[in-house]
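Every number in this text was worked out from the coordinates using simple rules, so none of it is lab data. As the structure is a prediction and not an experimental result, all values here were calculated from the model. Here the Cβ positions follow ideal geometry from the backbone for every residue, glycine too, while neighbour counts run over all protein chains shown.
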Amino acid sequence: MPADVAIGIHDLSVATSHYVLPHQTLAAQNGSAVDKYHRGIGQHSMSVPAIDEDIVTMAAEAAAPIVARHGVERIRTIAFATETSVDQAKAAGIHVHSLLDLPSATRIVELKQACYGGTAALQFAMGLVRRDSSQQVLVIASDVSKYDLDSPGEATQGAAAVAMLVSAEPALVRLEDPSGLFAADVMDFWRPNYRSTALVDGYASIAAYLQAVEGVWKDYTKQGGRALDEFSAFCYHQPFTKMAHKAHRHLLQQCGHDAEEDEVTRAVEHTTAYNAVMGNSYTASMYVGLADLLDNADDLSDQAIGFFSYGAGSVAEFFAGTVVPGYQSHLRRETHRAAISRRRNIDYARYREIHEHSFPVDGGDHPLPRETVGPYRLAGLSGHKRIYTPQ
């Protein structure tokens, strides 16, 4: 492929869950002041999947509009990133492939490295398109973040899926070389196979995140990347939205810039609104921030965006992209807003019931009641097999 052919994000679509738990409800239950959530961590509500929703149903809902708009002829790969996989062997993308009736001549793979997995999938996709520019790759990042009840992480829970079509000559964002990379063996956040909820060391997690910000920027600069003042906005992974503010303040300080709050806010302000009401969506989080930025910022044509992707444990990457002129005519702004606004409020008792729900492990037939109004649902479990259906 000629070196001057751009590769990047051609289309982007976001989906979330059927239910929402406002942080006022959580605060009233545990006796906290709601400002602990609204101001302290920058979260206002959390998306809660119905019991017949999961990473597959959200992923299919996010991907369906992309397939409807662009067709399937050029999509030969699905790269599905998640850290809440539904099976230890079978890629969740195979279920999506079936629900969307995609061609059998498709490569499907699942990628994992905590919240960094979405970026791993994106970089994998770019390599495939660089090898053959006639192909497109459907990248999906879908997660449900879940912590123990009454734990410090509970208020950061959330759920969302982002689907991206990666293509030559993209309509939204041209992605650039180089990338800055960083890895370190830390135990800041993890989920052993025998647990349904994640474990997190809050202080260690923030420290590891900020260490990674320093590390990726150092490597990005070494690789010949853009100068800090060339960027108009920054998309950070958001375990909670105030982390984006902490991260950018830290980056400014490391680069010897004034870390005034106005400057920090200017850089990240249009990337946090969706995450503030959906909660942490792990692999999807940074790309939810990108959707927010493109949907709601003033015209970004030809402007550079910085991306910081972090996955606990830890692996991180910093890279840049340039917004393509005319991108606004390709956005799904109203669809994204509708997905957020259609969620139904639930009380704490119902939230707790959903949180503690699990399938029996006896291999029997376990149908689920219909709850979601989304286009796809998890109908139940039978013979240890998950059954997905369109509505």
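Below is a table of values for the structure above.
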| item | result |
| --- | --- |
| Over the chain: helical MRE at 222 nm, DSSP H runs n ≥ 4 each giving -39500 (n - 2.57), nearest 500 | -10000 deg cm²/dmol |
| Whole-percent pair-distance distribution, where bins are 5 Å wide, for the alpha carbons of the range 1-157 | 2, 8, 16, 18, 16, 13, 10, 7, 5, 3, 1, 0, 0 |
| Inter-site label distance for Met187 and Ala33 at 7 Å from Cα along Cβ, in nm | 3.5 nm |
| Per DSSP, loop trypsin sites (Lys or Arg not before Pro) in the range 303-391 with at most 15 further Cβ within 10 Å | Arg342, Arg370 |
| Sum of side-chain charges, Gln223 neighbourhood, beta-carbon under 12 Å (Lys, Arg +1; Asp, Glu -1) | -1 |
| Net charge of Cβ neighbours under 11 Å - reference Val96; Lys, Arg +1; Asp, Glu -1 | -3 |
| Under 13 Å, Cβ to Cβ, from Val48 - net charge with Lys/Arg +1 and Asp/Glu -1 | -3 |
| Given 15 as the ceiling on other Cβ atoms within 10 Å, longest exposed-site-free region of the chain for GluC sites (Glu not before Pro) in DSSP loops | 74-259 |
